[in-house]
Amino acid sequence: MQFETTVEVREALANNQPVVALESTIITHGMPYPQNLETARMVEDDVRAAGAVPATIAVLNGTLHIGLTDAQLEDLAQAKNVAKLSRADMAVCIATGGTGATTVAATMIAAHLAGIEVFATGGIGGVHRGAESSMDISADLQELAQTPVTVICAGAKAILDIPRTLEVLETLGVPVISYGQDALPAFWSRDSGLASPLRLDAPADMARALRTRADLGLAGGQLIANPVPEADEIPRDVIDPIIAQALNEAEAQKIQAKAVTPFLLQRIFELTDGRSLATNIALVRNNARLAAKIAQELVALPK
Ligand code: PSU
């Protein structure tokens, strides 16, 4: 598969320098303009400041890009009707010359193709509430089970059914590792109220764990759940009723499939007067910094 890179990504990959993949759905479907563009730029700079090279991934006019120029980021952040690509639709988009933003699943596929082992996002997709009848389960979970990339998130988005998301991840054999605490974080909040299946306190251990999975012959990656910094968190008792209201509205308006997550994020943004977005930005930046550290540890290990 041919793909295009920026000069900094090309040089870093050629010289075994640490690279962190970043997704683009968060830009096109996760945040409003212009905060989406500002965040994309800040996150890239956070990765650089922490000693790694950022590679934001997207499909532009049929070409897979591993690393975007600032002009491309600017265009994407303002583009309308951009597809939200996952494993199922990425090939069709590329084959037909389309433009699409990559979700966690699609970003993992592209990162692996380019030899990038670490990817920072905000929150992964998972089992939606009511999935026992809708069967809405994000393809992100299956991707973690088969593609060997370490994904750093702030937990599953709290709009999801987190206990069921954990169950599915366990069934799929995906390690869920919280950073520096016993509780699983829940995106806007540091504590989901659930114990984390695994805990690690050092980026070096996270890097070794990824290598060890491969040494054991196990397919798939691992999920690092990095709690949002305390100063930026929205406690669970504050965010929970707001999530409940947004979910009720989604149901009443019959929002389905790929539209659910963007709808909920937008409504929660409105209902919190923008506070949810400030927290989302803070947690993505926090994840980018941790990802850069893990990427540095990984390049120091034998492949
Ligand atoms: N993290 C964020 N905001 C987002 C996402 C992640 O802070 O919008 C995106 C990711 O691309 C993830 C997607 O793959 O949300 C999940 O969408 P769904 O629930 O439809 O699978």
Restricting the search to segment 148-187, which residues are within 14 Å of the ligand (Cβ to nearest atom), part of a loop (DSSP other than H, G, I, E, B) and of a type in the set (Val, Ile, Thr)? Val149, Ile159
Pick out the one residue from Thr69, Thr28 that is closer than 21 Å to Leu265 by Cβ and polar (S, T, N, Q). Thr28
Select, from Ala257, Ala225, Ala291, Ala219, the only residue that is buried (at least 21 other Cβ atoms within 10 Å of the Cβ), out of contact with any Leu (no Cβ under 8 Å at 6 or more places or on another chain), over 14 Å from Ile159 (Cβ atoms) and touching a residue at least 60 places away in the same chain (Cβ under 8 Å). Ala291
Strands (runs of 3 or more DSSP E) within segment 1-88 that include 1 or more residues of a type outside the set (S, T, N, Q) and closer than 25 Å to Pro262 by Cα: 19-22, 53-60, 63-66, 83-85
For segment 69-123: of the residues being buried (at least 16 other Cβ atoms within 10 Å of the Cβ) and among the hydroxyl-bearing types (Ser, Thr, Tyr), which is farthest from Glu143 (Cα to Cα)? Thr99
Yes/no for Leu283 being in a helix (DSSP H, G or I) and in contact with a Phe, Trp or Tyr (Cβ under 8 Å, 6 or more places away or on another chain): yes
Go through segment 57-68 and count every residue that is under 30 Å from Glu297 (Cα atoms), surrounded by fewer than 24 Cβ atoms within 10 Å (Cβ to Cβ) and either free of Cβ contacts under 8 Å to residues at least 40 places away in the same chain or in contact with a Pro (Cβ under 9 Å, 6 or more places away or on another chain) (or both). 0
Lone qualifier among Pro54, Pro32 - being touching a residue at least 12 places away in the same chain (Cβ under 8 Å), within 26 Å of Arg87 (Cα to Cα) and either aromatic (Phe, Trp, Tyr) or surrounded by fewer than 23 Cβ atoms within 10 Å (Cβ to Cβ) (or both): Pro32
Of the residues Ala219, Ala209, which single one is part of a loop (DSSP other than H, G, I, E, B), modelled with pLDDT of 95 or more, over 17 Å from Gly125 (Cα atoms) and among the small types (Gly, Ala, Ser)? Ala219
Can you report the number of residues in segment 101-143 which are among the charged types (D, E, K, R) and either within 6 Å of the ligand (Cβ to nearest atom) or at pLDDT below 95 (or both)? 4
The number of residues in segment 42-51 that are small (Gly, Ala, Ser) and either touching a Leu at 6+ places or on another chain (Cβ under 6 Å) or exposed (fewer than 15 other Cβ atoms within 10 Å of the Cβ) (or both) is 2
Filter segment 236-251 down to the residues that are closer than 16 Å to Leu265 by Cβ and within 24 Å of the chain's Cα centre (by Cα) and list them by number. Ile239, Asp240, Ile242, Ile243, Ala244, Ala246, Leu247, Ala250
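The values are calculated or read from the model by the stated rules, or taken from the named source; none is laboratory data. This structure is a prediction, so every number in the text was calculated from the model and none was measured. Note: ideal-geometry Cβ built from the backbone for every residue, glycine included; neighbour counts use all protein chains shown.
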